[in-house]
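Peer 1: Input: one structure, supplied below.
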Amino acid sequence: MRLSKFFMPMLRETPAEAQIVSHRLMLRAGMVRQAAAGIYSWLPLGFRVLQKIAQIVREEQDRSGAQEVLMPTIQSADLWRASNRYDDYGKEMLRIKDRHDRDMLYGPTNEELITDIFRNSVKSYRDLPRNLYHIQWKFRDEVRPRFGVMRGREFLMKDNYSFDLDTAGARHSYNKMFIAYLRTFARMGLKAIPMRAETGPIGGDLSHEFIILADTGESAVYCDRGWLETNVLAGDTDYEQDLNPAVAEWTKLYAATDNQHDPEACTLPSDRLHSGRGIEVGHIFNFGTKYSKPMNCAVVGPKGEQIFVEMGSYGIGVSRLAGAIIEASHDEAGIIWPDSVAPFDVGLINLRSGDAKCDAAADDFYRKLIAAGKSVLHDDRTESAGSKFITMDLIGLPWQLIVGPRGLAAGRVELKRRKTGAREELSIDQALNKLTA
Ligand SMILES: Nc1ncnc2c1ncn2[C@@H]1O[C@H](COP(=O)(O)OP(=O)(O)O)[C@@H](O)[C@H]1O
Ligand SMILES: [Mg+2]
């Protein structure tokens with residue numbers, strides 16, 4: 001992509017309404033624009049990141065055996081009356097009437113809808129277990145939408161729902177998601193700590209929130225200081241084996257959200273306890289038969305008996321993650337994208353656009369990098385070198401490949417790693433090899 005043709009409306013000034021760094025940088029880099037309070041349009045740069053994040057989430061869900069579906073955003077109120085949540089959900093639910101005066105709503109979550117699909121389609125214990133997910137926009141009419149995409153009213157969520165015959169099976173489904181979440185966030189370069197969490201209005205007895213420690217986070221959290229030195233890795237997992245030991249390993253160090261932390265009961269010595277703030281990027285619940293009973297979602301068991309299915313639900317804030325990753329990875333100059341979610345792999349800076357040699361060399365790099373499967377944003381504008389560097393640092397692509405007249409005369413270009421700031425002078429071949437290795 002040529003930057004001269006790319007729709008990336010940057011802002012010079014720091015927008016006054018943005019209180020946290022990720023919101024400021026997303027606006028300044030032209031990633032998003034607010035359409036209404038808590039509702040955002042994703043512009044090309046931001047949308048590329050959103051799709052990268054969604055794709056990692058998708059790959060890890062698929063790997064765990066979950067299957068992708070797509071449920072609608074608009075749901076019928078009747079289903080929510082059946083689970084008794086239509087009134088309970090209160091003002092956060094956006095209620096809509098269609099032309100026939102039927103009550104509809106913009107889905108804030110999908111337990112009812114998926115339970116309805118499931119009960120109408122699955123009759124026998126042989127059809128269990130199943131785990132279905134989708135990546136779909138949600139609407140929650142938050143009282144205080146803020147921090148840009150971090151707490152929106154309309155936001156993109158991956159949510160899935162597991163169906164099992166018994167509690168042991170449900171536990172295994174829960175464990176699979178627990179491990180899949182560790183892998184998902186690690187692949188995005190994040191340390192997301194699984195913390196014991198309250199189950200809230202969804203109900204049930206087993207729940208973890210996945211939290212990134214950040215001063216700007218909305219949740220107060222408590223954890224063993226050991227977590228600060230622990231790397232969460234995306235290790236290989238056999239999802240069919242017993243996952244209880246792996247989950248036990250990742251929950252052995254204390255970690256709890258505010259409402260689960262009881263200072264009286266916490267046995268951690270005070271010098272081991274880290275209390276700080278965090279961003280919730282994922283949340284998993286096991287809620288047993290809370291929906292299957294009232295909604296009569298049952299299968300016929302081996303002896304012909306009716307068995308209400310054991311369910312769990314699991315959410316990842318896909319659009320929130322775009323902001324959360326920036327909160328975790330930026331510096332004074334701008335965003336520092338982890339390689340896995342960067343909107344482009346390489347920012348190619350032509351220091352003297354219009355100069356025949358520079359143009360030819362930059363175009364050649366562009367073609368070769370694209371042919372090697374890399375995505376490249378080519379700054380071919382006739383701006384000053386300084387302003388090109390500022391732009392590239394702001395938008396945070398992992399590599400900057402700098403082509404200028406003086407270097408080229410000696411057959412050399414410069415390669416800068418955004419994360420470390422390290423710059424290297426390399427031959428053209430060396431630079432290509434390094435970027436395509
Ligand atoms: N208003 C919001 N804006 C952006 N992301 C959200 C919002 N509410 C929830 N999320 C994301 O969706 C995930 C699943 O949501 P859930 O746990 O059901 O919501 P809540 O934590 O508000 O009860 C959360 O972990 C979070 O990452
Ligand atoms: Mg939650």
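Read-outs throughout are calculated quantities, based only on the coordinates presented, and are distinct from any laboratory measurement. Worth saying up front: this structure is predicted, and the values here are computed from it rather than measured. Backbone-built Cβ (ideal geometry, glycine too); neighbour counts: all protein chains shown.
Peer 1: Please find the FRET efficiency linking TYR89 to PHE47, where r is the Cβ-Cβ separation and R0 is fixed at 30 Å, and quote it to the nearest 0.05. Please list the in-between numbers first.
Peer 2: Numbers: r = 30 Å, r/R0 = 0.99.
According to the calculation, E is roughly 0.50.
Peer 1: Another question, then. How long is the stretch 336-401 along each principal axis, judged by its Cα atoms, biggest number first, in Å?
Peer 2: Rounded to whole Å, the extents work out to 34, 28, 12 Å.
Peer 1: Size of the stretch 11-165 along its principal axes in angstrom, Cα-based, largest extent first?
Peer 2: So the extents along the principal axes, rounded to whole Å, are 61, 42, 24.
Peer 1: Rank VAL49, GLY312, ALA248 by how far each Cα sits towards the positive end of the charge dipole of the chain (+1 on Lys, Arg Cβ; -1 on Asp, Glu Cβ) and give me just the farthest.
Peer 2: It is VAL49, whose Cα lies furthest towards the positive end.
Peer 1: Looking at THR289, VAL299, LEU321, which one has the Cα that reaches farthest to the positive end of the dipole of the stretch 254-347 (charges on Cβ: Lys, Arg +1; Asp, Glu -1)?
Peer 2: Going by the Cα projections, it comes out as VAL299.
Peer 1: Which far-off residues, 5 or more places away or on another chain, put their amide H under 5 Å from the one on GLU68, with H placed in the peptide plane?
Peer 2: TYR133
Peer 1: Of the peptides 116-123, 314-321, how do they stack up when ordered by the mean number of other Cβ atoms within 10 Å, highest first? Don't skip to the end; give the middle numbers.
Peer 2: Values: 116-123: 15.2, 314-321: 26.4.
Going by the mean number of other Cβ atoms within 10 Å, highest first, we get 314-321, 116-123.
Peer 1: Highest first, please rank the peptides 268-278, 229-239 by the mean number of other Cβ atoms sitting within 10 Å of their residues.
Peer 2: Details: 268-278: 14.2, 229-239: 11.5.
Result, highest mean Cβ count within 10 Å first: 268-278, 229-239.
Peer 1: Here is a further query. Taking neighbour Cβ counts within 10 Å as the exposure measure, how do TRP80, TRP250 sort from fewest upward? Let's see the in-between values first.
Peer 2: Values: TRP80 23, TRP250 18.
So the residues, fewest neighbours to most, are TRP250, TRP80.
Peer 1: Ok, one more. Kindly state, as a whole number, the per residue volume in cubic angstrom of the convex hull around the alpha carbon atoms of the stretch 1-90.
Peer 2: On the way: hull volume 16.7 nm³, N = 90.
Cα convex hull per residue, to the nearest whole number: 185 Å³.
Peer 1: What list of ³J(HN,Hα) couplings, whole Hz, do you get for the stretch 94-111 from phi and the Karplus terms 6.51, -1.76, 1.60, once you set θ to phi - 60° and write x for glycine and proline?
Peer 2: Karplus-based 3J(HN,Hα) across the stretch 94-111 equals 7, 9, 9, 10, 8, 5, 8, 6, 7, 7, 10, 8, 8, x, x, 5, 10, 4 Hz.
Peer 1: Still on this structure, I have one more. How big is the stretch 156-281 in terms of Cα radius of gyration and Dmax, in angstroms?
Peer 2: Cα radius of gyration and Dmax of the stretch 156-281 are 14.7, 44 Å respectively.
Peer 1: If you don't mind, there's one more thing I want to ask. DSSP beta bridges in the stretch 298-400, what fraction antiparallel, as a percent rounded to 5?
Peer 2: On the way: 5 of 11 bridges.
DSSP beta bridges in the stretch 298-400 are roughly 45 percent antiparallel.
Peer 1: Going through the cross-link list LYS5/LYS97; LYS191/LYS434; LYS52/LYS123, which pairs have a Cα-Cα distance over 32 Å in this structure?
Peer 2: LYS5/LYS97; LYS52/LYS123
Peer 1: Determine ³J(HN,Hα), in whole Hz, for all residues of the stretch 403-410 in sequence, where each value follows from phi through the Karplus function 6.51 cos²θ - 1.76 cosθ + 1.60 and θ = phi - 60°; x replaces Gly and Pro.
Peer 2: So the J values, rounded to whole Hz, are 10, x, x, 5, x, 4, 4, 9.
Peer 1: Long-range amide H contacts for ALA234: which residues qualify at under 5 Å (H placed 1.01 Å from N, peptide plane, sequence gap of 5 or more or a different chain)?
Peer 2: Those qualifying (amide H under 5 Å, at least 5 residues apart or on another chain) number zero.
Peer 1: Could you give the distance between the Cα centres of the stretch 10-59 and the stretch 388-432, to the whole Å?
Peer 2: 26 Å
Peer 1: Still on this structure, please answer the following. Based on Cα positions only, what radius of gyration and what Dmax would you give for the chain, in angstroms?
Peer 2: Cα radius of gyration and Dmax of the chain are 24.4, 82 Å respectively.
Peer 1: Given Cα positions, please report Rg to Rh for the stretch 313-437, the hydrodynamic radius being the Kirkwood one. Please report the intermediate quantities before stating the final value.
Peer 2: Values: Rg = 15.5 Å, Rh = 15.1 Å.
Across the stretch 313-437, the Cα-based Rg/Rh ratio is 1.02.
Peer 1: Assuming a ≥ b ≥ c are the square roots of the Cα gyration tensor eigenvalues, decide whether the stretch 386-437 counts as rounded (a/c under 1.5), prolate (otherwise, with a/b larger than b/c) or oblate. Show your work: numbers first, answer last.
Peer 2: Numbers: a/c = 2.39, a/b = 1.31, b/c = 1.82.
The shape class here is oblate.
Peer 1: Show me the ranking of peptides 418-430, 360-372 by mean Cβ neighbours inside 10 Å, starting with the highest. Present the calculation step by step, with values, prior to reporting the outcome.
Peer 2: Values: 418-430: 13.5, 360-372: 16.8.
My ranking of the peptides, most packed first, is 360-372, 418-430.
Peer 1: Another question, then. Give the relative contact order (percent, whole number) for the chain; include only Cα pairs under 8 Å separated by 6+ residues.
Peer 2: Details: 865 pairs, mean separation 72.3, N = 437.
This gives 17 percent for the chain.
Peer 1: Specify the inter-centroid distance of the stretch 83-108 and the stretch 267-339, based on alpha-carbon positions, in whole Å.
Peer 2: First find each Cα centre; the distance between them is then 24 Å.
Peer 1: What lysines sit close enough to LYS176 to cross-link, taking a C-alpha to C-alpha distance under 18 Å and skipping anything fewer than 8 places away on the same chain?
Peer 2: Cross-link targets: LYS158, LYS252.
Peer 1: How large is the Kirkwood hydrodynamic radius of the stretch 113-209, in angstrom, based on all distinct alpha carbon pairs?
Peer 2: Details: mean 1/r = 0.0632 Å⁻¹.
Evaluated over the stretch 113-209, this radius sits at 15.8 Å.
Peer 1: While we're looking at this one, here's another question. Measure nothing but the geometry: give the 0 to 90° angle between the long axis through the Cα atoms of 385-395 and the longest principal axis through the Cα atoms of the chain, rounded to 10°.
Peer 2: Tilt of helix 385-395: around 10 degrees.
Peer 1: Check HIS274: other-chain or 5+ apart residues with amide H under 5 Å from its amide H, H built from backbone geometry?
Peer 2: CYS223, ASP224, ARG225
Peer 1: With θ set to phi - 60° and the Karplus curve 6.51 cos²θ - 1.76 cosθ + 1.60, what are the ³J(HN,Hα) couplings of the stretch 152-159 in order, to the nearest whole Hz, using x for Gly and Pro?
Peer 2: x, 9, 9, 8, 8, 10, 8, 10
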